[in-house]
Amino acid sequence: MKKGKKIYEGKAKIIYATQDKDLVIQYFKDDATAFNNQKKSTIEGKGVLNNRISEHILSNLSQIGIKNHLVKRLNMREQVIKLVEIIPIEFIVRNVATGSLTKRLGIEDGTVLKEPLIEYCLKDDKLGDPLIAEDHIYAFDWAKRREIETIKKMIFRINDFMIGMFRGIGIKLIDFKLEFGRIKSNGKSDVILADEISPDTCRLWDSITDKKLDKDRFRKDLGDLIPAYTEVAKRLGILHEQSNVSAVNVTKLSSIKKKSK
Ligand code: UDP
């Protein structure tokens, strides 16, 4: 697949056109941002790990009938994905209270929720992705009621699947963020999952120690982000000790090459 011109650059990814108007290439950068872009850094190897982890989760979701944008992973940093019209809402799914929820409502950190909680944020960096009510979505026509109904059903299935998948490898799925988009198929509009799912967009705690294995290592300056993401990938069975080229080896190789230049 030939990479065409850059059509969008976000905080952690770049989107390139392809010869096929319905498909684009998504490139995973090593850039990390937090607190509405106020904290920034580059963490070498993060993009490679997120590409692999997200590919693994999205292909598993396809197998249980959750339609999503992934077509295939091309290489260490790139995937072919379906071009969608993104719905401008971030859907935050929570199983355990932490982060902004605890600060906003004074809930004790680590409180297990009786049922999964979905929160809606407007996707607008200039406004700092403000929390909104479901009715705001209809008031401003950001999505139709039937689209949100479909999305909610998908979210509960995705959450159930991911809780089980992570529980099986000794990880608690605390919360995560999802985005959805519209594609045209046979003349009608369909809603699909159109987002990466990775330790950048989920909170993942070790089941026994509560060690954070996600982007909070960057947000809270805990260090060792790459070892934590590598641990998630290894437990998911994506990185094999014996594989000749693991994500991290490639990262090391590229840094050695850069240094020797
Ligand atoms: N999240 C995300 N992108 C965002 C906002 C949140 O991926 O722009 C994820 C975040 O990693 C966490 C969950 O959504 O897994 C809930 O985040 P929260 O609202 O607590 O935000 P934060 O505490 O990071 O401000």
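Since every read-out is calculated from the coordinates, none of them should be taken as a lab result. The model shown is predicted, which means the values in this text are computed figures rather than measured ones. In this analysis, Cβ positions are derived from the backbone assuming ideal geometry, glycine residues included, and neighbour counts consider all displayed protein chains.
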Cα to Cα, under 14 Å, and not fewer than 8 places away if on the same chain: which aspartates and glutamates meet these conditions relative to residue 220?
200
For residue 129, other-chain or 5+-apart residues with amide H closer than 5 Å (H placed, Pro excluded) are 124
Pull up the cross-link candidates among the aspartates and glutamates for residue 72, meaning alpha carbon to alpha carbon under 15 Å and not fewer than 8 places away within one chain.
20, 22, 55, 195, 196
May I ask you to order 29-35, 133-139, 54-60 by the average number of other C-beta atoms within 10 Å around their residues, highest value first?
54-60, 29-35, 133-139
Calculate, in nm to one decimal, what residue 109 and residue 62 gain on full extension: separation in residues at 0.36 nm each, minus their alpha carbon distance.
13.6 nm
In the range 1-110, if every C-alpha pair distance is counted and binned at 10 Å from zero, what percent goes to each bin?
12, 34, 36, 15, 3, 0
Separation of alpha-carbon centers, the range 1-62 and the range 208-222, rounded to whole Å:
22
Quote the relative contact order of the chain in percent (integer), defining contacts as alpha-carbon pairs under 8 Å separated by 6+ residues.
17
Above-threshold pairs, the threshold being 30 Å between Cα atoms, out of 6/215; 103/126; 6/103; 82/211; 5/144; 3/144
6/103; 82/211; 5/144; 3/144
Give, in nm to one decimal, the length gained when the segment between residue 209 and residue 224 is fully stretched (0.36 nm per residue of separation minus the Cα-Cα distance).
3.8 nm
Using a Förster radius of 35 Å, what is the FRET efficiency between residue 42 and residue 139 based on their Cβ-Cβ separation? Nearest 0.05, please.
0.35
Spelling it out for residue 86: with amide H atoms placed in the peptide plane at 1.01 Å from N, the residues 5 or more places away or on another chain with amide H under 5 Å from its amide H are 182
Where labels lie 7 Å past Cα in the beta-carbon direction, separation of residue 2 and residue 153 in nm
4.2
Based on the mean of other Cβ atoms within 10 Å per residue, sort peptides 176-188, 202-214 so the most packed one is first.
202-214, 176-188
Phi to ³J(HN,Hα) by Karplus 6.51 cos²θ - 1.76 cosθ + 1.60 over the range 89-97, Hz, x for Gly, Pro:
10, 9, 9, 9, 10, 10, 10, 9, 6
Answer rounded, prolate or oblate for the range 1-66, using the Cα gyration tensor with square roots of eigenvalues a ≥ b ≥ c: rounded when a/c is under 1.5, else prolate when a/b is larger than b/c, else oblate.
oblate
